[in-house]
Each structure stands twice: as C-alpha cells, then as structure tokens.
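Enquirer: Sending over a structure as structure tokens; questions will come in a sec.
None of the figures in this text is laboratory data; all of them are computed from the coordinates on show. Because the structure is predicted, anything quoted here is derived from the model rather than measured. When we count neighbours, we look across all protein chains shown, and the Cβ atoms used for this are built from the backbone with ideal geometry, even at glycine.
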Amino acid sequence: MNKTAWILGAALLAAAPAAGAREADFITFRVLAPPLALELAQAALKSCHDRGFQVAVAVVDRFGVPQVVLRDALAGPHTPETAIAKARTSVSFRAATEELSAATQAGQLNSAIRHIQGYIFLGGGVPVEGGGSILGGIGISGAPGGAEDDACARAGLQAIEDRLMM
C-alpha cells in the first residue's frame with residue numbers, strides 16, 4: 001500500500017460516523033441561559049419585596065442544579081437552601097410545589113415522598129416551561145406562607161413569559 005492510499009484511507013475512516021451511531025442515541029434539550037435565569041430571579045425578588053416580604057429566590061436548571069440564588073438582606077438564614085429545594089422539587093416532579101404540598105400530606109397515597117432528602121413539598125416552587133419542555137425551576141422562601149411564595153415565583157415567570165415562548 002502506498003503512502004497516499006494509506007493517508008486517504010485513514011482520512012475516510014476518521015470522517016466516517018462511528019459504527020452504529022444514530023441521532024436517536026442523543027437527546028437535545030434547552031436550559032435557561034444564566035442572564036435569563038438572573039432576570040427571572042430579580043423579577044420574583046422584586047415582586048416579593050414590593051409586597052413587603054424578605055425572601056430568597058433560587059433558579060435551577062432542568063436538572064435541579066442552582067443557577068442563581070438571591071437573598072434579601074433580612075431574609076432568614078434557612079431561606080436560600082429552602083428556595084433551592086423548592087425549585088429542585090418543582091423540576092423533578094414537574095409540578096408546582098403548592099400542588100405537591102396538598103398531594104403529599106399525611107395519609108395521602110404519596111405522603112412518603114416528603115422524606116426524600118433535598119426536596120421540600122411546601123408552596124413556592126414552580127417549574128419554568130417553554131415550548132413544551134421544562135427549562136428549569138424557580139423557588140421562593142421567606143414570605144409568610146407557601147401561597148405568597150408561589151405568587152412571587154409566578155410574578156417572576158410572568159415578567160419573562162414572552163422570552164420563554166419558543
């Protein structure tokens with residue numbers, strides 16, 4: 001085999017797709033870019049602040065990994081971790097934690113999931129969705145109750161809603 005034929009053969013092998021590789025072997029997904037995650041967190045924090053609540057806000061990616069955490073100066077020391085756990089819970093279970101709170105009360109069929117470490121089933125966590133996909137989650141902690149945390153999270157989502165439609 002001459003040198004030119006060997007080089008041409010090696011180039012063809014390098015350019016060929018891996019044996020058996022198919023498009024169906026990979027998953028394509030979208031996540032919030034950090035600037036949009038920050039904008040979401042800031043809008044939610046402002047909503048709570050305007051209502052007189054000192055809170056922490058967390059935005060997680062579609063896997064529950066924190067992207068942004070903001071905390072008002074007077075929000076309790078527990079609020080950042082609680083906000084992260086609420087956001088993670090909403091992404092993992094693909095539902096608002098306000099709904100999950102009712103569905104997981106003692107005596108309910110799914111009450112045992114309240115014992116999963118790192119997840120919190122109190123109102124204030126909402127999935128971030130766009131184009132039919134989960135893009136991330138937002139969690140709020142520190143308002144006087146889960147319904148108020150939830151309202152602030154939804155106000156943040158409303159502020160960026162037009163940017164989530166893909």
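Enquirer: Angle check, please: helix 79-93 long axis (alpha carbons) against the longest principal axis of the chain (alpha carbons), in degrees 0 to 90, nearest 10.
Expert: 60
Enquirer: Okay, moving on. Can you put Ile140, Ile160, Ile84, Ile27 in order of Cβ neighbours within 10 angstrom, beginning with the fewest? Walk me through the intermediate numbers first.
Expert: Values: Ile140 36, Ile160 18, Ile84 25, Ile27 5.
So the ranking, lowest neighbour count to highest, is Ile27, Ile160, Ile84, Ile140.
Enquirer: Lys and Arg at +1, Asp and Glu at -1: add these up for the other residues within a Cβ distance under 14 Å of Phe93 and post the number. Please list the in-between numbers first.
Expert: Numbers: positive: Arg62, Lys86, Arg88, Arg94, Arg114; negative: Glu98, Glu99, Glu129.
That sum, taken over residues with Cβ under 14 Å, equals +2.
Enquirer: Next up: What's the percent breakdown of Cα-Cα distances in the stretch 31-164 across 10 Å bins, shortest bin first?
Expert: Answer for the stretch 31-164: a P(r) of 16, 49, 29, 6, 0 percent.
Enquirer: Using alpha carbons only, how many degrees (0 to 90, rounded to 10) separate the axis of helix 146-164 from the longest principal axis of the chain?
Expert: 40
Enquirer: Quote the charge dipole size of the chain about the Cα centre in Debye, to the nearest 20; the model charges only the Cβ of Lys and Arg (+1) and of Asp and Glu (-1). Walk me through the numbers before you get to the answer.
Expert: Values: 13 positive and 15 negative charges, 100 e Å.
The calculated dipole for the chain is roughly 480 debye.
Enquirer: Using Cα-Cα distances under 8 Å and only pairs 6 or more residues apart, what relative contact order does the stretch 47-159 have, in percent? Let's see the in-between values first.
Expert: Numbers: 271 pairs, mean separation 34.5, N = 113.
With pairs under 8 Å counted, the relative contact order is 31 percent.
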